[in-house]
1. Note down all Cβ pairs under 7 Å where the first residue falls in the stretch B:67-88 and is more than 16 Å from B:Leu188 (Cα to Cα), the second is at pLDDT 95 or above and open to solvent by 60 Å² or more (accessible area, probe 1.4 Å), and they're at least six residues apart or on different chains.
2. Looking at (1) surrounded by fewer than 20 Cβ atoms within 10 Å (Cβ to Cβ); (2) closer than 19 Å to B:Ala175 by Cβ, which is the one condition that is false for A:Leu161?
3. Restricting to the stretch B:40-53, what's the tally of residues that are open to solvent by 20 Å² or more (accessible area, probe 1.4 Å) and of a type in the set (A, V, I, L, M)?
4. Got at least one residue in the stretch B:6-23 being open to solvent by 40 Å² or more (accessible area, probe 1.4 Å), farther than 23 Å from A:Asn108 by Cα, within 10 Å of DNA strand D (Cβ to nearest atom) and modelled with pLDDT under 90?
5. Could you list all residues from the stretch A:96-114 that are without any contact (Cβ under 8 Å) to a residue 12 or more places away in the chain and among the β-branched types (Val, Ile, Thr)?
6. Within 30 Å of B:Glu141 (Cα to Cα) and charged (D, E, K, R) - does that describe any residue in the stretch B:47-61?
7. Please go through (1) free of Cβ contacts under 8 Å to residues at least 60 places away in the same chain; (2) assigned to a helix (DSSP H, G or I) for B:Arg5 and return the number of the only condition it doesn't satisfy.
8. Here are some residues: A:Glu56, A:Glu93. Which one is surrounded by fewer than 20 Cβ atoms within 10 Å (Cβ to Cβ), touching a residue at least 24 places away in the same chain (Cβ under 8 Å) and within 17 Å of A:Val170 (Cβ to Cβ)?
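The values are calculated or read from the model by the stated rules, or taken from the named source; none is laboratory data. Bear in mind the structure is a predicted one, so any value in this text is a computation, not a measurement. Every residue, glycine as well, gets a Cβ built from its backbone with ideal geometry; the counts of neighbours run over all protein chains shown. Heavy atoms of the whole protein, side chains included, go into the accessibility calculation; ligands, DNA and RNA do not. Shrake-Rupley method; radii C 1.70, N 1.55, O 1.52, S 1.80 Å.
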Protein chains: 2
Amino acid sequence: MARPRKFQAEAAVAKAMEVFWEKGYAAATPQELGERMGLGRGSLYNAFESKQGLFECVLRHYHAHEAPKLLAFLTRPGPVKARLRALFLAVIEIDVADPERRGCLAINTAIELAGRDAAAAQLAARMFEQTEAAFLSLIEEGQRTGEVDATRDARELASFLLNNLTGLRVLGKTAEDTTRLTRIVDALMRSF
Amino acid sequence: MARPRKFQAEAAVAKAMEVFWEKGYAAATPQELGERMGLGRGSLYNAFESKQGLFECVLRHYHAHEAPKLLAFLTRPGPVKARLRALFLAVIEIDVADPERRGCLAINTAIELAGRDAAAAQLAARMFEQTEAAFLSLIEEGQRTGEVDATRDARELASFLLNNLTGLRVLGKTAEDTTRLTRIVDALMRSF
DNA sequence: GCAGTATTTGACCCTAAGGTACAAAACGAC
DNA sequence: GTCGTTTTGTACCTTAGGGTCAAATACTGC
């Protein structure tokens, strides 16, 4: 056959993800991408068509491996509302503690590239769907167990939760501490 | 004295704002900035220290002239809640109708530059404050007139509204129509 | 109408972005 | 061991980013 590649594709993409996550798409240079991924420009462009192509892989990777880490809070044992609150508070902690202010890559991508890169926008949108879906099934669970008012439109609540999670991740970008964000979570949990 | 500048500073900054708003900070080039502002590179760098300096002026301009356009919805006549709903629905319409998907410059800036440009981050944060303050005084008005439950923490509600507005503007980036966003506003208005 | 100051023009500079081209190397099949 | 294929690394290319500078110019105060 042929010469096998020396690098692990997934590992390299994970490294690239770090760069794009820290800097955004436009500010990430092929130079730094190559260095952090541990491969030369040749290999980089051989394995991934272009910067755009690489970024698409990165988004898929984030979708498949990074986003689920947070959503895992929703499938833990315990009361539905407690799980929700735990997720929101964890996100707040993570965002405020991060000196790089990376936030959420899906949101960052939607902000930076929606309207100029259809593929990226679509992948970001898919992640929003995914998150909303996770909220939806949790809400429905809560409605079955009586923890959540069953007369409310579950879909509406799920969208509402998604919206608040999104807002928090943006406000977390400039928040100096968690007080305002926690206050928001309080209001949110009180609202349904 | 000296030769007077040929261009109107405010008008030029407004033009620059368009560019940064459409493209983001990193993707806006001095070339395009100069062209759209109607002045050569020399003049550009003479009047504004640097790309960063210009961007700061742009943010101040947005803060002073663009953000108030939306917040004006809150000071119109009519019931407090109706005004709030009107603002949210207007934002949704604007965002979904915009083919450029510009969204909100304050949010875009927070996402792109928080953690790497302290001045920009601070200006974005100030705009969040401004918006929250507008919500706060409206809520307080509602509490005085009895339109809003006076037992609730007005500050909490104001932060909550800010968070939802922020979320909407992000989700609006990838939304194909207004259905989900309207649903969110419904949930929000029902929640207090 | 001249002096003095500030603006404008446009050429110019250096670095890097983003990508390509190609030789050499590394393997598996046979 | 050779062949054929794929990776790699390096050198290279073009365009543009971000910015500077000197000269030319246009005002105002006197």
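1. From residues that are more than 16 Å from B:Leu188 (Cα to Cα), the pairs are B:Pro79/B:Glu147.
2. Of (1) surrounded by fewer than 20 Cβ atoms within 10 Å (Cβ to Cβ); (2) closer than 19 Å to B:Ala175 by Cβ, only one is false for A:Leu161: (1).
3. Looking only at that region, the number is 1.
4. Checking the stretch B:6-23: at least one residue is open to solvent by 40 Å² or more (accessible area, probe 1.4 Å), farther than 23 Å from A:Asn108 by Cα, within 10 Å of DNA strand D (Cβ to nearest atom) and modelled with pLDDT under 90.
5. A:Ile111
6. yes
7. (2)
8. A:Glu93
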